[in-house]
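Just so you know, all these numbers are worked out from the coordinates, no wet-lab data involved. None of these values were measured; they are calculated from a predicted model. Cβ placement follows ideal geometry from the backbone for every residue including glycine, while neighbour counts extend to all protein chains displayed.
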Protein chains: 2
Amino acid sequence: MVHHGLWRVQNVHTQALTITRQDRERLNGHHGRVIWFTGLSGAGKSTLANALEVELHRLGRRTYLLDGDNIRQGLNNDLDFTDVDRVENIRRIAEVSKLMMDAGLMVMTAFISPFRGDREMARELIGTENFFEVYVSTSLEVCEQRDVKGLYKKARNGLLTNMTGLNSPYEVPERPDIELDCANVTAGLAITRILSLITAQ
Amino acid sequence: MVHHGLWRVQNVHTQALTITRQDRERLNGHHGRVIWFTGLSGAGKSTLANALEVELHRLGRRTYLLDGDNIRQGLNNDLDFTDVDRVENIRRIAEVSKLMMDAGLMVMTAFISPFRGDREMARELIGTENFFEVYVSTSLEVCEQRDVKGLYKKARNGLLTNMTGLNSPYEVPERPDIELDCANVTAGLAITRILSLITAQ
C-alpha cells in the first residue's frame with residue numbers, strides 16, 4: 001500500500017532511527033546537565049549563571065540560561081507570584097530544563113526558587129546525577145542594601161507582597177552541591193569552583 | 001566593597017559577556033529553526049519528524065524533537081484535550097520551541113495542532129523567518145484505516161470526545177511552507193523536500 005511509505009522509513013535504514021540524548025551528547029562532546037542557582041532576589045544568581053555560561057561557551061560547551069527575562073515574559077507569562085503559581089513556575093522551569101538537558105545542553109537556571117520541596121522536585125525530575133544545586137547565599141542584608149531592582153524598597157513600603165525574605169519565606173538549602181556568598185568570594189573564584197564541580201564527573 | 005565582587009565580572013572582561021543566539025549558532029555552524037509538523041492523528045507527523053531529525057543529526061546539526069511523548073507526560077501533564085487546554089498546550093510548545101531555537105537548535109514539533117490561530121500564534125512568536133509549517137495532509141480516511149493508536153475506533157464507539165477530524169475540527173493550513181501526503185510521497189522524498197526547504201535560506 002503506497003500510503004504506508006512514510007512508516008516504512010523505520011525499517012529500510014540500518015543506522016539509528018531515533019536520536020537519543022546519548023547521540024546528542026556524543027555530537028556535542030559533553031554531557032547535558034542542569035546547574036540550578038537558588039537564592040534571594042539580588043543575591044547574584046543571574047550574574048553568576050551568566051558568567052558561567054560565558055565561560056562554558058568559551059570552552060565549546062552547548063549552553064542555555066533560563067532566567068526571569070526569557071521565562072516570565074514567555075512560557076510563564078500566565079503565572080503570578082502567589083505560592084501556588086510559584087510552585088507551577090518552578091515545575092515548568094524544571095520540565096524545560098529536563099528537555100534541554102535531553103537535547104544535550106548544559107542548562108543554567110537562575111530563579112529565587114524559594115521552596116525546598118520545589119527544588120527537590122526539580123532534582124528528582126532531572127535526576128540527581130545531572131543536577132547541581134548552587135546556593136547563592138548572599139545575605140538579605142546585602143541584597144536589600146544593593147536592591148538592584150528596587151523591589152525590597154517597594155516591599156518595605158507595602159507596595160509588593162510575596163517578596164522573598166521579607167513577607168514570603170526562603171527555605172535555605174540543606175545540602176546544596178555548592179554554596180557561594182558574594183560577600184566572601186570573587187566571581188572568578190566562584191566560577192572556578194562551579195566548573196570544577198560540574199566537570200569532576 | 002567586597003560583596004560587589006560578583007557584579008564586577010560584567011566589567012572586568014573584554015570578551016562578550018552575554019551569550020546570544022548568534023554566539024550559539026556560530027558555535028553550532030548553523031541556524032536555530034523550528035519545523036512545525038501539523039496534521040491529523042496518524043498522519044505521519046512523528047514518523048516524519050523523527051526521520052528528519054535522524055538525517056539532520058547525521059549532517060551534524062544540533063536538533064530536538066518535541067512530541068506527545070516528551071511534552072504531554074511532562075511540561076503539559078496538567079492539560080486535557082478540551083479546546084481551552086489545547087490552545088494552552090500549543091502556546092507552551094511554541095514558547096519552548098522558541099527557547100530551544102534561541103539555544104541554537106533545529107527544533108521539530110509533532111503535534112496535531114488543529115487550530116489555524118494557534119499555528120499563526122506560533123509562527124508570530126517564533127518569527128516567520130525561523131518557522132516552517134509542514135502540513136502532513138494524509139486524509140482522514142487513510143489515518144482512520146491505519147488507526148495506529150486505536151483512537152479513531154474508540155472515538156467512533158463514543159469512548160473518546162475531542163477526536164480531531166471526527167468530533168473536533170481540524171483547520172487545514174492555508175499557506176503551509178510544505179505539504180506532504182503520505183499516500184503520495186515516499187518518506188525519503190519527503191525528507192529531501194523538507195531539507196531543501198530549510199537549508200535554502
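Assorted remarks:
- Ellipticity at 222 nm from helices only: DSSP H runs of n ≥ 4 in chain B, each -39500 (n - 2.57), divided by the residue count, give -13000 deg cm²/dmol.
- Equivalent ellipsoid, the range A:18-199 (semi-axes from 5 times Cα gyration tensor eigenvalues, Å): 28, 19, 14
- Pairs exceeding 26 Å between alpha-carbon atoms, taken from A:LYS98/A:LYS149; A:LYS98/B:LYS45; A:LYS153/B:LYS98: A:LYS98/A:LYS149; A:LYS153/B:LYS98.
- The range B:106-186: translational diffusion in µm²/s, Stokes-Einstein, Kirkwood Rh over Cα pairs, 20 °C, 1.002 mPa s: 151
- Length gained on full extension, B:THR192 to B:GLU120: 23.4 nm, using 0.36 nm per residue less the C-alpha separation.
- For the range B:124-201, the set of GluC sites (Glu not before Pro) satisfying both a DSSP loop assignment and a count of at most 11 other C-beta atoms within 10 Å is given as B:GLU174.
- Plainly put, the tip 7 Å out from Cα toward Cβ on A:ASN70 is 1.6 nm from that tip on each other copy, the closest given first.
- Bins of 5 Å from zero: percent of alpha-carbon pairs in the range A:15-68: 4, 17, 22, 19, 14, 11, 7, 4, 1, 1
- Sorted shortest first, the distances from the B:LEU197 label point to those of the same residue in the other copies are 4.5 nm; each point sits 7 Å from Cα along Cα-to-Cβ.
- Stokes-Einstein translational diffusion, the range B:53-101 - Kirkwood Rh over all Cα pairs, 1.567 mPa s, 4 °C, in µm²/s: 108
- Other copies of A:ASN157: label-to-label distances in nm, shortest first, labels 7 Å along the beta-carbon direction: 6.5
- Ordering B:SER168, B:SER139 from the fewest to the most neighbouring beta carbons within 10 Å gives B:SER139, B:SER168.
- The label-point distance for B:LYS149 and A:LYS153, in a model that sets each label 7 Å from Cα toward Cβ, rounds to 5.3 nm.
- Relative contact order, whole percent, for the range B:78-191 stands at 28, derived from Cα pairs under 8 Å and 6 or more residues apart.
- Chain B: angle of helix B:116-126 to the longest principal axis, Cα-based, in degrees nearest 10: 20
- Convex hull projection area averaged over all views, the protein assembly as shown, Cα basis, nm²: 20.9
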